[in-house]
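One structure is given below, encoded as structure tokens.
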């Protein structure tokens, strides 16, 4: 699973280069989570999960507070969660998750981004079956054996624990996100380089240099869309 860890790590690094964009996306996601229940992470597990993820991207407190206050203020702005699937060059596959207040606009924008950048948007289900929804944690300070032992002591089953590039990476069932994270925190893990629910590809694809250039342009175009939150894919990015 090591190559998948590199994919996730590289995606995070790419997002970190444009902090204003990632902050705006988290602001929207925090608002939606806060509005879906109580605007308090102690009683709203969805909000608590989003805030934990926001920490791994160092989202500033004022952006978090502004989104929660907007939800508390009874804003009538509503967002729909959408997922699009499509294909890129060389048999690459992409899953696009979006939050939007205008479904028609988002569908048109995503379709245009695919079409103008060497890709094709597919129908629902055309790609997702090749990915597994997975809770992924990356951190330093422990070995894979130590991590596996502490999880076993807590009677927590996970899909895999690997060690790579001074990091330990834990892959778990998505509904075990909070359980695994709480166990790791109790064991002294204070900072996560990755704490995400990610669509992890069952098999990764290596592209030629030409196809890779087209693919990266396609991903950039989709990620630049205001309504797009996350792009998952099956391409093994070069180290």
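For a quick check: sort 143, 134 by the number of other beta carbons within 10 angstrom, fewest at the front.
Fewest-to-most Cβ neighbours within 10 Å comes out as 143, 134.
Of 183, 135, 195, which is the most mobile in a GNM of the chain whose springs link Cα atoms less than 10 angstrom apart?
Most flexible of the set in this elastic network: 183.
When the helix-only estimate is applied to the chain (DSSP H runs of n ≥ 4, each -39,500 (n - 2.57), divided by the residue count), what is the mean residue ellipticity at 222 nm, nearest 500 deg cm²/dmol?
-14000 deg cm²/dmol
Relative to the present Cα-Cα distance, how much length would full extension add between residue 209 and residue 76 at 0.36 nm per residue of separation?
Length gained between residue 209 and residue 76: 43.2 nm.
If I build a Gaussian network model for the chain, linking alpha-carbon pairs within less than 10 angstrom, which residue out of 120, 182, 46 has the largest mean-square fluctuation?
182
Here, each number is a calculation from the coordinates, and none is a lab measurement. Quick caveat: nothing in here was measured; it's all calculated off a predicted structure. Glycine also receives a Cβ, built like all others from the backbone with ideal geometry; neighbour counts cover every protein chain displayed.
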